[in-house]
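Take a look at the structure below.
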């Protein structure tokens with residue numbers, strides 16, 4: 001039996017959905033509101049997001 005958290009899944013998809021599909025993605029970091037970083041193939045990239 002697998003536990004499912006619908007609220008968590010909804011927030012994950014809403015805030016990180018597009019980024020989770022990036023090839024080579026190994027990390028996502030949110031350092032402050034509106035600032036998200038992705039690490040792809042060892043390189044960090046900053047993104048402005050409405051968090």
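The values are calculated or read from the model by the stated rules, or taken from the named source; none is laboratory data. Values in this document were obtained by computation on a predicted structure and should not be read as measured data.
Is there a residue in the stretch 40-49 that is on the phi > 0 side of the Ramachandran plot and modelled with pLDDT of 90 or more?
yes
I'd like to check something: does the stretch 4-14 contain any residue that is part of a loop (DSSP other than H, G, I, E, B) and under 12 Å from the mean Cα position of the chain (by Cα)? So that I can check it myself, show each step before the final result.
Step one: of the stretch 4-14, the residues part of a loop (DSSP other than H, G, I, E, B) are 4-5.
When the remaining residues are screened for being under 12 Å from the mean Cα position of the chain (by Cα), the result is none.
Scanning the stretch 4-14 turns up no residue that is part of a loop (DSSP other than H, G, I, E, B) and under 12 Å from the mean Cα position of the chain (by Cα).
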